[in-house]
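Chemist: Have a look at this one.
Taken together, the values in this text are just the output of simple stated rules run on the coordinates, not laboratory data. Just so it is clear, the model here is predicted, and its values are computed rather than measured. Cβ placement follows ideal geometry from the backbone for every residue including glycine, while neighbour counts extend to all protein chains displayed.
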């Protein structure tokens with residue numbers, strides 16, 4: 001294999017009301033977003049990341065709020081999740097996203113993205129098609145990673 005999975009980077013949760021979930025995370029758990037909220041126009045989504053501890057590399061929670069009524073997250077909530085907030089994807093951090101995509105394509109793994117795109121926080125991201133594993137998996141390579149290229 002030409003790449004390594006380093007860790008579970010985050011779990012994505014689709015939410016109808018991003019402000020409400022952020023307030024609940026603060027009120028219930030005392031958590032604040034670990035990064036400023038970011039809108040990714042191409043994906044019609046605003047993201048809010050929460051890390052359980054700033055001192056660890058722990059898996060983050062990513063709450064995804066749609067910026068348009070017909071965006072992918074809004075459609076997911078209405079169609080796939082019966083109008084409710086819910087699990088949307090798991091992101092695996094890899095050491096080299098280009099090598100990962102090349103390896104997966106060589107294995108004929110169904111992909112949504114054959115090339116990475118830039119996601120929240122400047123990460124390079126790509127999604128495997130749910131046909132590959134039965135759930136939506138995202139690969140992510142964070143800025144500063146061993147093979148990260150701008």
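Chemist: I'm trying to understand the selection: among the residues of the range 15-44, which are in contact (Cβ under 8 Å) with a residue 60 or more places away in the chain and surrounded by 12 or more Cβ atoms within 10 Å (Cβ to Cβ)?
Modeler: 15, 16, 21, 35, 38, 40, 43
Chemist: Just one of (1) in contact (Cβ under 8 Å) with a residue 40 or more places away in the chain; (2) touching a helix residue (DSSP H, G or I) at 6+ places or on another chain (Cβ under 7 Å) trips up residue 109, so point out which.
Modeler: Condition not satisfied by residue 109: (1).
Conditions (1) within 13 Å of residue 121 (Cβ to Cβ); (2) touching a helix residue (DSSP H, G or I) at 6+ places or on another chain (Cβ under 6 Å), marked per residue:
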| site | (1), (2) |
| --- | --- |
| 27 | no, no |
| 34 | yes, no |
| 39 | yes, no |
| 44 | no, no |
| 50 | no, yes |
| 60 | yes, no |
| 67 | no, no |
| 74 | no, no |
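Chemist: On to the next question. Could you grab me the full set of residues in the range 67-102 that are within 21 Å of residue 35 (Cα to Cα) and free of Cβ contacts under 8 Å to residues at least 40 places away in the same chain?
Modeler: 67
Chemist: Give the range 1-17 a look and list any residue that's more than 29 Å from residue 108 (Cα to Cα) and within 15 Å of the chain's Cα centre (by Cα), or say none.
Modeler: Selection gives 15 alone.
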